[in-house]
There are 2 protein chains.
Amino acid sequence: MDALPQTAPAKSGAKQFLDQLFGAGVLTETGVDGLYGRSGDFEEVIERFLALVTRTAGADVVERIHFPPGMPRPMLEKSGYLKSFPQLAGCVHSFMGGEADHAQLLQMVANGEDWTEMQKATDVVLTPAACYPLYPTVAKRGPLPADGVLFDLQSYCFRHEPSQDPARMQLFRMREFVRIGSPEQVRDFRETWLERGPEMIRSLGLPCDIDLANDPFFGRAGKMLANNQRDQGLKFELLIPVANEKPTACLSFNYHQDHFGTLWGIAQANGEAAHSACVGFGLERVALALFRHHGMKVANWPKPVRDVLWG
Amino acid sequence: MDALPQTAPAKSGAKQFLDQLFGAGVLTETGVDGLYGRSGDFEEVIERFLALVTRTAGADVVERIHFPPGMPRPMLEKSGYLKSFPQLAGCVHSFMGGEADHAQLLQMVANGEDWTEMQKATDVVLTPAACYPLYPTVAKRGPLPADGVLFDLQSYCFRHEPSQDPARMQLFRMREFVRIGSPEQVRDFRETWLERGPEMIRSLGLPCDIDLANDPFFGRAGKMLANNQRDQGLKFELLIPVANEKPTACLSFNYHQDHFGTLWGIAQANGEAAHSACVGFGLERVALALFRHHGMKVANWPKPVRDVLWG
């Protein structure tokens, strides 16, 4: 008997889910992994989820600041990001030549040659996490008030990790609350959100767990940093099964100790280096979890879920 | 008599306005021209203006799609943008080396050397205008319905033109309605918005004029393209005095003829290449015009303006 015809390798659960999202028009393919268009329904789900987060924050006194998806390159260089996550950073390069260079560039594009080296680095890098531009901004204001400060941020973020897992986009939105103050203020804030987060996600009919976590630090030295972060309980994640064997981190709860306070020179009212913590909401990931668990048609989602989002 | 002490050159109106925005906390300095944080009030003004635009669009049947601030590099290469505006484009480069390269990169950062050449171009470029990723997306769907199509887009856009004019940011948001169909459908759409636009802006207590315009095409050959664009009446702008001697283009009304239809292969129902037009709303520019004319404190804006935005 002849050999059976070869079949394509089995698609991962993540790729199957991605194709399902494309098929339903929830996401639109662009030709680059991790770079997708979003449907109007997808956008509305994110808007309604943002409103739920605002309601959950309740009477918290927050200052809202919005930063664009790019920030100054010197800020990234000083932040330590290139030490920990060099492979994820994105730096914007532009063409700065004259007309002769331009003719050459167009010729290279026409020939399918690599024209990108005709560009030079600009002063702009892509924001890797919504809170990065905040710390130097706060430092410039001088010592914190005795109650510390609490910020409400939202930004597109870039991470260079092309993937067919729809929950791992190269450009995605993150909302963050960032608390800066004394160790007690900052740890209280994180505790509060470690309670609020799962309650909020369960109200959307989604299963979830909180787990200790670490950042994907680069290289061999990074393993030590990751272990250290776990040993000290600095990072927790709220995990929801989306499309992978392992559930996906949709919220994260990070205690930075005085890392950013010392780095940027943010002082508490008593003069000591400020501590900070943030809770981050992965907006695309939460939306994807909702489409995964409740189906591709928003109008058919369970009434209790619709009531929470559109109520 | 001794020479008088030298004074700094007089600040331009744009720089004075920028400093006023910084002073009032409406914008936040980051250290790079054209890259600023936005206050909560600024964001709310944009949100309320977006709602006004939606109300103005009324019963128009639109499909909303949202694209992230980056798009595939091949899409930009094919679009012709590098021919017309090479100096404005931004291409994302990332570090793709191993641990030894990483050690060298960190050493260069520490020494203040230029480490950016250790990066390579990724597949991602920054979106120059909200509608660029739309055309290939529409082309893939096949021929248009007889009524054509109308899309509602919003995206962060990047243009490499560092400036101290707050109305010329490097990263800014643009909402766009894009009509694709027959020449008549597309011209009707543009006519409608050439009426709606000024009416909407005047309802916000802002003075405005509509004028013929051209894009800032690169180089000597660009001058001809610009003249051609003007001669054919392809671009109009809604101008509001903001902070420059010349008023600022806050909305633009563009008729592309069959340029994108032919380039991307979008067919009308009758098989001919589709025509397209777009109306673009510069969200930061409109917000800045409001702060300029009505003052730095949103609560003190004239009641009729507040009624339109918050009514």
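The values are calculated or read from the model by the stated rules, or taken from the named source; none is laboratory data. Being a predicted model, the structure only gives us computed values, none of them experimental. Backbone-built Cβ (ideal geometry, glycine too); neighbour counts: all protein chains shown. When the accessible area is computed, the model is the full protein with side chains, heavy atoms only, and any ligands, DNA or RNA have been set aside. Shrake-Rupley method; radii C 1.70, N 1.55, O 1.52, S 1.80 Å.
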Apply 1/(1 + (r/R0)^6) to the Cβ-Cβ distance of B:R196 and A:Q232, taking R0 = 35 Å, and write down the FRET efficiency to the nearest 0.05.
0.05
On the full set of protein chains, 1.4 Å probe, figure out the accessible area of B:Y156 and give it in Å² to the nearest 10.
20
With contacts defined as alpha carbon pairs under 8 Å and 6 or more residues apart, what's the relative contact order of segment B:131-289 in percent?
29
Between A:A24 and A:K11, how many nm apart are label points set 7 Å from Cα along the C-beta direction?
1.4
Just report the Cα centroid separation between segment B:21-79 and segment B:258-311, whole Å.
10
Candidates B:V298, B:V125, B:V149: whichever shows maximal mean-square fluctuation once chain B is modelled as a Gaussian network with Cα springs under 10 Å
B:V298
Taking trypsin sites (Lys or Arg not before Pro) in a DSSP loop with at most 16 other Cβ atoms within 10 angstrom as exposed, one finds the longest site-free stretch of chain B at B:142-296
Excluding residues fewer than 8 places away in the same chain, name every one of the lysines whose C-alpha is closer than 29 Å to that of A:K78.
A:K120, A:K140, A:K223, A:K235, B:K15, B:K120
What accessible area per residue, rounded to a whole number of Å², is obtained for segment B:216-311 using a probe radius of 1.4 Å?
47
Taking a point 7 Å out from Cα toward Cβ as the label site, list the nm distances between B:H259 and the same residue in every other copy, smallest first.
4.7
Plugging the Cβ-Cβ distance of B:A269 and A:E44 into 1/(1 + (r/R0)^6) at R0 = 30 Å yields, to the nearest 0.05, a FRET efficiency of 0.50
Name the residue, out of B:D147, B:D215, B:D101, whose mean-square fluctuation peaks in a Gaussian network model built on chain B with Cα pairs under 10 Å.
B:D101
When chain B is treated as a GNM, springs tying every alpha-carbon pair under 10 Å, which of B:E99, B:E199, B:E117 comes out with the largest mean-square fluctuation?
B:E99
Using the beta-carbon distance between A:D215 and B:D307 and R0 = 60 Å, what value does 1/(1 + (r/R0)^6) give for FRET efficiency, to the nearest 0.05?
0.80
Log entry, pair A-B: total buried accessible area, probe 1.4 Å, protein chains only, in Å² rounded to 100, is 5200
MRE, 222 nm, helices only [DSSP H, n ≥ 4, -39500 (n - 2.57), over chain A, to nearest 500]:
-11500 deg cm²/dmol
10 Å Cβ neighbours from other chains, averaged over peptide A:59-69
5
Shortest first and in nm with one decimal, please list how far the B:G142 label point sits from its counterparts in the other copies (point 7 Å along Cα→Cβ).
6.7
Using Cα-Cα distances under 8 Å and only pairs 6 or more residues apart, what relative contact order does chain B have, in percent?
20
At A:L106 and B:E184, where each label point lies 7 Å from the Cα along Cα→Cβ, what is the point-to-point distance in nanometres?
3.7
Ignore the peptide's own chain and count Cβ atoms of other chains within 10 Å of each Cβ in B:171-183; give me the average, rounded.
1
For peptide B:27-35, how many partner chain Cβ atoms fall within 10 Å of a residue's Cβ, on average?
6
Using a label point 7 angstrom from Cα along Cα-to-C-beta, what distances in nm, from shortest up, separate B:G295 from the other copies?
5.3
